[in-house]
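Engineer: Below is a structure I'd like to ask you about.
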Amino acid sequence: TFFFPGLTPMEKKLAEYKCNTNEAIQLKLVRFPEDLEDDNTTFNPEYSHQVFGDDEVAFGYKGLKILLYYIAGNLSTLFRIEYTSKVNEKFDCVEADDVESKIREIIPPGFCTNTDDFVSLLEKEVNFKPFGMLLHTYSIHNEEAGEDITYQIYKADMTCPGFREYHERLQTFLMWFIETASFIDVDDERWNYFLVFEKYNKDGATLFATVGYMTVYNYYVYPDKTRPRVSQMLILPPFQGEGHGAQLLETVHRYYMSSPTVLDITAEDPSENYVKLRDFVLVKLCQDLLCFSPVKLMQGFSQEMVMEAQQKLKINKQHTRRVYEILRLRATNMGDAEQSRSYRLDVKRRLIGPYKKKQRELAKMRRCLRPEEMTNQLNQIDLNLQREQLEESFQQLVSDYRRVLERLAQA
């Protein structure tokens, strides 16, 4: 509910009809009919600005609920709107937002609008099987259930029967959980799709629930190679924090590692969380390579590391450099003044790159401008600020790297 002091009575009345869409949208992944009434199975979007504008507000309703319930496996959808009251014409000719058509723009047709139809679809869920080719099976111990739960990762494409329609339903989640999400052109055959499913039991049968997925685009590299680029990756909220992202990314890396035509793997506009995940996965893959032995790490970053990481693990130079810095931190005794200083200089030498570029631009400006147009202070401020920012960047990196090493120690 929004509070607006200092408004006219009319404006106050209208303000009561504003709803935060991140709270109004209620999502569910349904396995059993009783999940429909269980609040513990509900989760909300992180974002709704792509559908409802930057304010993430729907106007015209009190007690608005936008129900988007999905059957856990094949993601058949129930879409319903509920509210306690709605503005009408008596209200100074204002109109309520057309919430339904905004949602219809992103969810594919063929959804249910009443619970009975949805529950009868739920009974057919036993026939749902994952799409494509099985790449990896793993299990995670679940404290709550007191048992190990099995998960599987599949690689699918648009030739799999029913996958196109399933993917249309799956990608709607991107709008709620990736800030700059957009739908991809599924008719382009260079897309690969990697899907994570959980196996669960229902009345003695084994069923599959959707956990998350990743899309990868295969760019052509002259003359005969490809460079797969991770485009979108999403682990659905009920499964976050359980290690599925790392399993998925490692499986995708291993899939491409076996291909002689793949040059290396990159990512498109990666989020901070994705970078942390990638650091962990790549360090885990690289730590046993000979070129990353403690002795070699202490000798500095080398071409040998670049070559071996690219040839064996399809990791590019930039990511290999980060892996080197993380593994070198593990091999460094930061309590030893000499080792610590050597590590700090090594990392800062890389971090200073962008600053050096800035210095070159400043030098260029000096050549072009008259002395009175350039103040001497500019240089001083610039250097002090540069030192501060550099130290800050370094400390931040080290703390990120330590977190990766902690996770690695527990893996």
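Engineer: What's the number of the condition SER182 fails, among (1) closer than 22 Å to GLU46 by Cα; (2) in contact (Cβ under 8 Å) with a residue 40 or more places away in the chain; (3) assigned to a loop (DSSP other than H, G, I, E, B)?
Structural biologist: Every listed condition holds for SER182 apart from (2).
Engineer: What single numbered condition from (1) free of Cβ contacts under 8 Å to residues at least 40 places away in the same chain; (2) more than 30 Å from THR41 (Cβ to Cβ) fails to hold for PRO270?
Structural biologist: Unmet condition: (1).
Engineer: With respect to ARG164, is the statement that it is in contact with a Leu (Cβ under 8 Å, 6 or more places away or on another chain), assigned to a helix (DSSP H, G or I) and either open to solvent by 90 Å² or more (accessible area, probe 1.4 Å) or under 28 Å from ASP35 (Cβ atoms) (or both) true?
Structural biologist: In short, no.
Engineer: Looking for whichever is in the same structural domain as GLY204 (by the TED database), outside any loop (DSSP other than H, G, I, E, B) and touching a residue at least 60 places away in the same chain (Cβ under 8 Å) here; the options are ILE140, ILE149. Which one fits?
Structural biologist: Among ILE140, ILE149, only ILE140 is in the same structural domain as GLY204 (by the TED database), outside any loop (DSSP other than H, G, I, E, B) and touching a residue at least 60 places away in the same chain (Cβ under 8 Å).
Engineer: Where in the range 12-82 are there strands (runs of 3 or more DSSP E), lying wholly inside it, with at least 3 residues that are touching a residue at least 40 places away in the same chain (Cβ under 8 Å), surrounded by 15 or more Cβ atoms within 10 Å (Cβ to Cβ) and under 27 Å from the mean Cα position of the chain (by Cα)?
Structural biologist: Passing ranges, in order: 25-30, 65-71.
Engineer: Filter the range 247-270 down to the residues that are buried (at least 17 other Cβ atoms within 10 Å of the Cβ) and under 17 Å from TYR154 (Cα atoms) and list them by number.
Structural biologist: Selection gives GLN247, LEU248, LEU249, GLU250, THR251, VAL252, HIS253, TYR255, TYR256.
Engineer: Then there's this: Just checking, does the range 115-135 include any residue being free of Cβ contacts under 8 Å to residues at least 24 places away in the same chain, under 26 Å from the mean Cα position of the chain (by Cα) and either open to solvent by less than 20 Å² (accessible area, probe 1.4 Å) or more than 30 Å from PRO9 (Cβ to Cβ) (or both)?
Structural biologist: There is at least one residue in the range 115-135 that is free of Cβ contacts under 8 Å to residues at least 24 places away in the same chain, under 26 Å from the mean Cα position of the chain (by Cα) and either open to solvent by less than 20 Å² (accessible area, probe 1.4 Å) or more than 30 Å from PRO9 (Cβ to Cβ) (or both).
Engineer: Hey, another quick one. Could you identify the single residue in TYR138, TYR200, TYR213, TYR151 that is over 23 Å from THR266 (Cα atoms) and touching a Leu at 6+ places or on another chain (Cβ under 6 Å)?
Structural biologist: Going through TYR138, TYR200, TYR213, TYR151 in turn, just one is over 23 Å from THR266 (Cα atoms) and touching a Leu at 6+ places or on another chain (Cβ under 6 Å): TYR200.
Engineer: Another question about this same structure. Would you please list the contacts, defined by Cβ atoms under 6 Å and residues six or more apart or on different chains, that run from a residue in the range 219-245 that is surrounded by fewer than 20 Cβ atoms within 10 Å (Cβ to Cβ) to a residue that is assigned to a strand (DSSP E or B) and among the basic types (Lys, Arg)?
Structural biologist: These pairs meet every condition: TYR219/ARG227; TYR219/ARG229; VAL221/ARG227.
Engineer: Here's another thing I want to ask about it. State all residues of the range 285-297 that are surrounded by fewer than 17 Cβ atoms within 10 Å (Cβ to Cβ) and touching a residue at least 40 places away in the same chain (Cβ under 8 Å); if no residue qualifies, say none.
Structural biologist: Residues of the range 285-297 that are surrounded by fewer than 17 Cβ atoms within 10 Å (Cβ to Cβ), as a first pass: 287-288, 290, 293-295.
Within the range 285-297, GLN287 is the sole residue that qualifies.
Engineer: Same structure, new question: Take VAL87 and decide whether it is farther than 24 Å from ALA209 by Cβ, in the same structural domain as LEU121 (by the TED database), crowded, with 17+ Cβ neighbours inside 10 Å and modelled with pLDDT under 90.
Structural biologist: It is true that VAL87 is farther than 24 Å from ALA209 by Cβ, in the same structural domain as LEU121 (by the TED database), crowded, with 17+ Cβ neighbours inside 10 Å and modelled with pLDDT under 90.
Engineer: Could you tell me which numbered condition GLN377 fails, if it satisfies all but one of (1) open to solvent by less than 100 Å² (accessible area, probe 1.4 Å); (2) at pLDDT below 90; (3) of a type outside the set (Phe, Trp, Tyr)?
Structural biologist: (1)
Engineer: Within the range 305-345, how many residues are in a helix (DSSP H, G or I), surrounded by 15 or more Cβ atoms within 10 Å (Cβ to Cβ) and among the basic types (Lys, Arg)?
Structural biologist: Looking only at that region, the number is 5.
Engineer: Go through the range 146-191 and count every residue that is polar (S, T, N, Q), under 17 Å from the mean Cα position of the chain (by Cα) and within 21 Å of HIS244 (Cβ to Cβ). Before the answer, list the steps.
Structural biologist: Start the filter on the range 146-191 by keeping residues that are polar (S, T, N, Q), which leaves 150, 152, 159, 171-172, 180, 182.
Subsequent filtering for residues that are under 17 Å from the mean Cα position of the chain (by Cα) retains 171-172, 180, 182.
Now narrow it down to the ones that are within 21 Å of HIS244 (Cβ to Cβ): 171-172.
Number satisfying all stated conditions: 2.
Engineer: Of the conditions (1) at negative phi; (2) open to solvent by 60 Å² or more (accessible area, probe 1.4 Å), TYR138 clears all except one; give me its number.
Structural biologist: Unmet for TYR138, out of (1) at negative phi; (2) open to solvent by 60 Å² or more (accessible area, probe 1.4 Å): (2).
Engineer: Considering VAL295, VAL252, which residue is more than 18 Å from THR332 (Cα to Cα), assigned to a helix (DSSP H, G or I) and among the β-branched types (Val, Ile, Thr)? Explain how you work it out, then say what you get.
Structural biologist: Details: VAL295 fails: more than 18 Å from THR332 (Cα to Cα).
Going through VAL295, VAL252 in turn, the sole match is VAL252.
The values are calculated or read from the model by the stated rules, or taken from the named source; none is laboratory data. In this text, all values refer to a predicted model and were calculated from it rather than measured experimentally. Here the Cβ is made from the backbone with ideal geometry for all residues, glycine too, and neighbour counts use every protein chain on show. Note: areas computed on protein heavy atoms with side chains; ligands, DNA, RNA excluded. Shrake-Rupley method; radii C 1.70, N 1.55, O 1.52, S 1.80 Å.
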